[in-house]
1. How many residues does segment 1-18 contain that are open to solvent by less than 100 Å² (accessible area, probe 1.4 Å), within 15 Å of Leu54 (Cβ to Cβ) and not acidic (Asp, Glu)?
2. Working only within segment 54-65, note down all residues that are within 9 Å of the chain's Cα centre (by Cα) and open to solvent by 60 Å² or more (accessible area, probe 1.4 Å).
3. If a residue has to be under 19 Å from Val8 (Cα atoms) and surrounded by fewer than 16 Cβ atoms within 10 Å (Cβ to Cβ) to count, how many in segment 27-53 make the cut?
4. So which residues in segment 27-51 are assigned to a helix (DSSP H, G or I) and either in contact with a strand residue (DSSP E or B) (Cβ under 9 Å, 6 or more places away or on another chain) or under 19 Å from Arg62 (Cβ atoms) (or both)?
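The values are calculated or read from the model by the stated rules, or taken from the named source; none is laboratory data. Because the structure is predicted, anything quoted here is derived from the model rather than measured. For neighbour counting, all protein chains shown are included, and Cβ atoms are generated from backbone atoms with ideal geometry for every residue, glycine included. SASA here: full protein model, heavy atoms, side chains in, ligands and nucleic acids out. Shrake-Rupley method; radii C 1.70, N 1.55, O 1.52, S 1.80 Å.
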Amino acid sequence: MDERSGLVFERERLDRILRLSVIEPLDGQCLNEFFPNVSNEGLARALYLRLKPLFPPEMLVRVRVSTPDGTAHFPAVGAL
């Protein structure tokens, strides 16, 4: 935790990680070209594995993907 701000993780840093690792490379692209499984579950897993190394240990707990067809979490809720 940052003693000055009281934040566990700075919002600007989070925004930068998501922008550079997810939004910029994938926005407007055919997800089938990046991921073997583009179901909600497949995307949640792929994004978790892509983001996990970019965060301090124990910081990224789960990724959730929600669409009108449903919601998926990776790791699955209750699996931790």
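1. Total satisfying the criteria: 4.
2. So the first thing to find is which residues in segment 54-65 are within 9 Å of the chain's Cα centre (by Cα), and the list is 60, 62-65.
Within segment 54-65, Arg62, Arg64 meet the criteria.
3. Total satisfying the criteria: 2.
4. Answer for segment 27-51, where residues must be assigned to a helix (DSSP H, G or I) and either in contact with a strand residue (DSSP E or B) (Cβ under 9 Å, 6 or more places away or on another chain) or under 19 Å from Arg62 (Cβ atoms) (or both): Asn40, Glu41, Gly42, Leu43, Ala44, Arg45, Ala46, Leu47, Tyr48, Leu49, Arg50, Leu51.
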